[in-house]
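Below is one structure, written out as structure tokens, with a few remarks after it.
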């Protein structure tokens, strides 16, 4: 499977301090006498609207990352939603200076958009330097309780699947379920973010939605709005052990060849999930400072408490080297799989790249 193609690298973060030793990667860039980030402000550019998982991750980074950067810089947050991350990616590529003072919080949607292609894509995520990533666990696909009976009824009213842009990684589960399990679905996309989609599900404007956010899922469950159908993971999340994986749900109907390759390409970026980037030309010593700080941030007790309260128990922090290598893997696709992916998206009324 695509998610098993890349073995997780061991990330060793060791520091030796001695009298008269110039500690370059820890904050004294280019032999400066004071920490590089002292007196500076970092802008955290977020590729989504406020309130969702990408925004929450970016704000956690803005809150905690400076704690582990020598010089303790200030941070400001700038949201730039639109096009599933395309607007922010294009802006970042064209305008961000490679000085470590503008860092980019992106999500799996940006990777999916790039692979899908099209004239609007003016960026290449493989050329950025990845600082690290946070995976929240596999997406859970939910259905309104009052709509579930119609899900496999070909003569019933189609269930409405809601999304922001029609390319989120979890959408792949619903498309392959429609194709191979006979789910009776249609798609409605264009919602600004997770907050609006959760409200639409509550109000019955849409019937099906998916997210990795344990807090949003639990809130909908607690209020009796939804049933949980499947999860997008190789193994069941520890916080949702009773929800089958999508492969378990497919069973003997699981396809092979270009069909499954294209499914894995679409769903694969979810393993990276929320990732932090700097421009490709950022000096290695500055990127190293940020990467080390990111790993330390993930081990901080206060950070872990806040992360668990929002993400649930399944979240994990991955280092920059792993993230960078994984981005290259999940943005690679054969012509046969790409053709199948475009055909199946077109069949279900979803965006198709040029």
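Annotations for the structure displayed:
- Checking residue 88 against (1) at pLDDT below 95; (2) surrounded by 24 or more Cβ atoms within 10 Å (Cβ to Cβ), the condition it does not meet: (1)
- Filtering region 243-288 to residues that are over 23 Å from residue 140 (Cβ atoms), assigned by TED's automatic domain parsing to the domain that holds residue 62 and surrounded by 17 or more Cβ atoms within 10 Å (Cβ to Cβ) leaves 276, 277, 278, 279, 282, 285, 286, 287, 288.
- Strands (runs of 3 or more DSSP E) fully within region 115-221 counting 1 or more residues that are in contact with a strand residue (DSSP E or B) (Cβ under 8 Å, 6 or more places away or on another chain) and surrounded by fewer than 16 Cβ atoms within 10 Å (Cβ to Cβ): 185-189
- Residue within region 259-270 that is within 20 Å of residue 66 (Cβ to Cβ) and modelled with pLDDT of 95 or more present: no
- Among the residues examined, residue 104 qualifies as within 23 Å of residue 302 (Cα to Cα) and not assigned by TED's automatic domain parsing to the domain that holds residue 171.
The values are calculated or read from the model by the stated rules, or taken from the named source; none is laboratory data. Note that the structure is a prediction, hence the values are computed from the model and not measured. Every residue, glycine among them, receives a Cβ derived from its backbone with ideal geometry; neighbour counts consider all protein chains shown.
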